[in-house]
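S.K.: Please see the structure below; I have some questions.
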Amino acid sequence: MSPDAVAGGGNAAPAVRLTGIAKRFPGVVANSDVDVEIRPGTVHALVGENGAGKSTLMKILYGVQKPDEGTISIAGEEVAFASPADAIARGIGMVFQHFQLADNLSVLENVVLGAERLHGIGARARTEIERISAAYGFALDPDELVETLGVGQRQRVEIVKVLYRGARVIILDEPTAVLVPQEVDALFANLRELKSEGHTLVFISHKLDEVLAIADEITVLRRGTTVATVTPDTVTAHELAELMVGAELPTPSSGESTVTDRTVLEVRGLRVDDAAGRALLDDVDLVIRAGEVLGVAGVEGNGQTELVEAVVGMRSAVAGTIVLAGTDVTRRGTRERRESGVGYIPEDRQRHGLLLDAALWENRILGHQTRPPSVRGLWLDRGGARADTERIVDAYDVRTPGVDTTARALSGGNQQKFLVGREMSGDPVLLVASHPTRGVDVGAQAAIWESIRAARRRGLAVLLVSADLDELIGLSDTIRVVLRGRLAGTFDPRTVTPLELGSAMTGADASEPA
Amino acid sequence: MTTVRRLMVGAAAPALAFVVAAAVTSVVLVAAGDSPADFWRVLLSAPDPRDYVAIANATAVLYLSGLAAAIGFRMNLFNIGVEGQYRVATFAGAVFAGQALLPGALNTAATILVAMAAGAAWAGIAALLRVLRGVSEVISTIMLNAIAVSLVAFLLQKVGRRQGETFRTDTIPESSWVPSFPLVPGESSQVYGLALLAVVAGVGFAVLLNRTRFGFDLRATGHSESAAVASGVNVRRMVVYTLLLSGAVAGLIGMPELFGGSHAYGSTIQTGIGFTGIAVALLGRNHPWGIAVAALIFGYLNQQASPLGVTADISTEIIAVTQGVVVLSVVIAYEVVRRYRVRAEQAEVARQLRRERGAQAVSP
């Protein structure tokens, strides 16, 4: 895909100009000396690793936070936002990464919610939504319930929401994180449509290929400050990545196969139901051998969460068997499965992996309550737990002042490194890793990938669920695709392309390449 | 944060709460036309030796009650039924002890176990409702309080002896009484021997919570149920165990008085201790030492307030206002302090990272 020609007149005042922005708050990477100039009618990408200060900057632009220093000008006029309402009044809209939609309301109701004064809630509002939807090729039915919409359509509802409120500058926070490749293409088509109508788009991402495909200009943030503004025709993804991290970018590559013929996990005919008795997972068969990483790809909500929870023992199987290292564990609880060597990196580390308000050494005990070195019989071994926490902090490069620091105080990447270190403790035979590098910076990502690879070489079996196709392709020995609760296809990561995976994930292609 | 600073920040919350409570109480007094000066003079006057004993007895009982509530609170289980569990347990204990099936101290020991079992059983009803039917323990324990009061009154008429207008259980044989011990030399009133149960229970609570696997599971579930489940904790089982334990400790509340004072269950039983225990646990932050301090404060306030009506012509009920405001403001103050701590700790982590980055920059 060739980058679009830079649009917008060179002489027009910038749609947004941020000058010398600084924001300090304790414990969080702040912004300092941020200068960004966004020309009208362009797609301006803002890239940087997690914690580089992108979110803070966008919150400042959207009026959620006030800068300590610096100025914001919109279309040449200096402004000060006290709240997002001020920003909206100035024509700035934001599409959040996590959609803010009410499932049980229709598209129309979601769009007018909070903006009833603009066009009422009836026929005028409907006409306006239909106009916007038609103008940009969104194809949305105002009366459809949001709960029936797919992820891509929900995102379009979010975009309609900000357009409906009169936004000329639209901030999109990691808009492609939840989309499969085909949906990304559709989104980009929508964005180009918006751009051609004179809208200005601020595109926040850390997926560099996408940034290069869509952006007219790219501003790179590192450690809270802007380090460069470049155009896509002058840089490669690799150069961009180096600008972001200031060092060589890690890539997942699993190297030599270490797969053995010793079966560690065998799942047969697994079925998991929801409370109403509908199948969330059905007829799932899979085998993972020692030294093998089995990657599971799928659009979120197709059963991968349930698969992980069933394997870990947090959900009970309605039918089928789960055999771990030769023992049928289908009817065993999470604790027994963990005792027989299951490590678990949960999808949501803050909800399922950590006690945020407890010290790190106490978090070391979590999930290992019945095993040394953190316990001795029925008693906690505080000394043992502390010593082993020190070991994890050293071995996995967890940046913390000490083991008495609460988990909450650490950054996401460090929390995750600690979690990975803990779950690799006690010689696990099976690691169940759900989105192991989601929301962590590039440095932590490389460290986590390396830990998984190292454990795999030692004969660990890994069930890897991820939304990051590069991660899946780079780490897995085999890739399975989950679609509507069933395992739909088996792919060889050495030959598969993201496009093929995307097709299988959306059900567009029913064939099963070997 | 250094330990000293940590402690100071920790002490700031209750201190702040007491200042607010004092202010609110004074305002209420002024609004009601009473003299705050008289109130504070009576409240802050030095207790008599006799009062020291009364405060010690009240503190022990409130401590047990606070502990019973705190066990549930640490797991985010709100056992509002300590009062009911205490009534049922004390009655069951009194009936058992009055039978004198066992001689002397053996009878005493057995009675304590019976009372704990009765308290646990009464709490167990709420536990079963919760895990089998999903009934909130808040609702069920509140209702079980009402049922406990009526049930005990009914059974007392069945098994008790009429004594004037009221009923009471058979008096415990003197060989099973637990002697009191003097607190203040030369003072005739003495502290109940079984008040020491509070010390035993407090140590047990601290050890169980902080040193054992069970305690870790309990605290982990309180911190984050989802994380506890993912770590292999069987939360349903923990709910049952925790409520049983809470009820068992509630069963101890009546023992010091039963074996040291009343020697029977009758209409003179102290009411409301179970509810005060909830406030004591909140004030004490569900921490073994904190609950002790809170129980002492509540015991002191109750005792010092009793002469208010006589010497200052102020209704003693005002002390309930003070206690209520203390609890409310302490909950708020703790939250403020918690947020401050989180920020301070994050700042510390950030400082550390900056230092490391600085070091890296120097030696590339």
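S.K.: Tell me the carbon and sulfur percent of the accessible area for the range A:392-514, rounded to whole percent, probe radius 1.4 Å.
M.R.: On the way: 2040 of 4300 Å².
Answer for the range A:392-514 is 47 percent, counting heavy atoms of protein chains only.
S.K.: Got the relative contact order for the range B:194-342 handy, in percent, Cα pairs under 8 Å and 6 or more residues apart?
M.R.: 16 percent.
S.K.: Continuing with this model, one more query. Counting only protein heavy atoms, what percent of the accessible surface of the range A:16-245 is carbon or sulfur at a 1.4 Å probe? Don't skip to the end; give the middle numbers.
M.R.: Details: 4550 of 9240 Å².
The nonpolar share, carbon plus sulfur, comes to 49 percent.
S.K.: Now for a separate question. Pick out which of B:Ala153, B:Ala68, B:Ala195 has the largest mean-square fluctuation in a Gaussian network model of chain B, springs linking Cα atoms closer than 10 Å.
M.R.: B:Ala153
S.K.: Let me ask something else about it. If only Cα atoms are counted, what is the Rg of the range A:302-397, and what is its Dmax, in Å?
M.R.: 15.0, 43
S.K.: Relative contact order, percent, of chain A when contacts are C-alpha pairs under 8 Å separated by at least 6 residues?
M.R.: Relative contact order here is 15 percent.
S.K.: In the range A:16-245, if every C-alpha pair distance is counted and binned at 10 Å from zero, what percent goes to each bin?
M.R.: Histogram of Cα-Cα distances, whole percents per bin: 8, 33, 36, 19, 4, 0.
S.K.: Counting partner chain Cβ atoms within 10 Å of every residue's Cβ in A:391-403, what's the average?
M.R.: For peptide A:391-403, the averaged partner shielding equals 2.
S.K.: How big is the antiparallel share of DSSP beta bridges in the protein assembly as shown, given as a percent to the nearest 5?
M.R.: 60
S.K.: Give, ordered by residue number, each residue of the range B:320-353 whose 1.4 Å probe accessible area is reduced by a minimum of 40 Å² on adding the remaining protein chains to the chain alone.
M.R.: Listed in order, they are B:Glu345, B:Gln346, B:Val349, B:Gln352, B:Leu353.
S.K.: Please report the relative contact order for the range A:16-245, taking Cα pairs under 8 Å with a sequence separation of at least 6, and give it as a percent rounded to a whole number.
M.R.: Values: 436 pairs, mean separation 67.5, N = 230.
Result for the range A:16-245 is 29 percent.
S.K.: GluC sites (Glu not before Pro) within the range A:164-204: which are DSSP loop residues with at most 14 other Cβ atoms inside 10 Å?
M.R.: A:Glu197
S.K.: Could you pull the Rg and Dmax for chain B, using just the Cα atoms, both in Å?
M.R.: Over chain B's Cα set, Rg and Dmax evaluate to 23.1, 92 Å.
S.K.: Related question: Using a 10 angstrom cutoff on alpha carbons, build the Gaussian network for chain B and name the most mobile of B:Val114, B:Val330, B:Val203.
M.R.: B:Val203
S.K.: Quickly estimate the mean residue ellipticity at 222 nm for chain B, helices only: each DSSP H run with n ≥ 4 gives -39500 (n - 2.57), and the total goes over all residues, rounded to 500.
M.R.: -24500 deg cm²/dmol
S.K.: Now, a different point. Order of A:256-264, A:457-465, A:148-156 by packing, highest average Cβ count within 10 Å first? Spell out each step's value before the answer.
M.R.: Details: A:256-264: 14.4, A:457-465: 21.8, A:148-156: 18.0.
Highest mean packing first, the order is A:457-465, A:148-156, A:256-264.
S.K.: Which percent of the Cα-Cα distances in chain A go past 38 Å?
M.R.: 33
S.K.: Please give the peptides B:122-128, B:310-316, A:424-430 ranked by average Cβ packing (other Cβ atoms within 10 Å per residue), highest first, as a rough proxy for protection. Numbers along the way, then the final one.
M.R.: Values: B:122-128: 24.3, B:310-316: 14.6, A:424-430: 18.3.
Order by mean packing, descending: B:122-128, A:424-430, B:310-316.
S.K.: What is the sum of charges around B:Leu132, taking Lys and Arg as +1, Asp and Glu as -1, for the other residues whose C-beta is under 14 Å from the C-beta of B:Leu132?
M.R.: +3
S.K.: Related question: Determine one quarter of the surface area of the Cα convex hull of the range A:169-210, which equals its mean projected area, and express it in nm² to one decimal.
M.R.: 2.8
S.K.: Just counting partner chain Cβ atoms within 10 Å, what average do the residues of peptide B:215-226 show around their Cβ?
M.R.: The per-residue average across the peptide is 5.
S.K.: Buried accessible area between A and B (1.4 Å probe, both chains summed, ligands and nucleic acids excluded), in Å² to the nearest 100?
M.R.: That pair of chains buries around 3100 Å² in total.
S.K.: Where only protein heavy atoms count, and the probe is 1.4 Å, what is the accessible area per residue for chain B in Å²?
M.R.: Value returned for chain B: 46 Å² of accessible area per residue.
S.K.: Still on this structure: Assuming a viscosity of 0.692 mPa s and a temperature of 37 °C, what translational diffusion coefficient in µm² per second does Stokes-Einstein assign to the protein assembly as shown, Rh being the Kirkwood radius over Cα pairs?
M.R.: For these conditions, the coefficient is 104 µm²/s.
S.K.: Turning to a different aspect of this structure: I need the calculated FRET efficiency for the pair A:Asp283 and B:Phe78, taking r as the beta carbon distance and R₀ as 45 Å, to the nearest 0.05.
M.R.: So the FRET efficiency works out to roughly 0.55.
S.K.: Right, here's the next one. Count the lysine pairs in the range A:16-245 whose Cα atoms lie under 16 Å apart, taking only pairs 8 or more positions apart in sequence or on different chains.
M.R.: Within the range A:16-245, the lysine pair count is 5.
S.K.: So, taking all protein chains as they sit and a 1.4 Å probe, how much accessible area belongs to A:Trp379, in Å² rounded to tens?
M.R.: 130
S.K.: Per residue, how much accessible area does chain A have with a 1.4 Å probe, in Å²? It would help to have the intermediate numbers written out before the result.
M.R.: Numbers: 20610 Å² over 514 residues.
Heavy-atom accessible area per residue stands at 40 Å².
S.K.: Round to a whole number: what % of the accessible area of chain B belongs to carbon and sulfur, probe 1.4 Å?
M.R.: Of all accessible area on chain B, carbon and sulfur atoms account for 65 percent.
S.K.: Kindly express, to the nearest 10 degrees and within the range 0 to 90, the angle between helix B:213-223's C-alpha long axis and the longest C-alpha principal axis of chain B.
M.R.: It is inclined by approximately 70 degrees.
The values are calculated or read from the model by the stated rules, or taken from the named source; none is laboratory data. Owing to the predicted nature of the structure, the values given are computational and were not obtained by experimental measurement. When we count neighbours, we look across all protein chains shown, and the Cβ atoms used for this are built from the backbone with ideal geometry, even at glycine. What goes into the accessible areas is simple: the full protein's heavy atoms, side chains included, and nothing from ligands, DNA or RNA. Shrake-Rupley method; radii C 1.70, N 1.55, O 1.52, S 1.80 Å.
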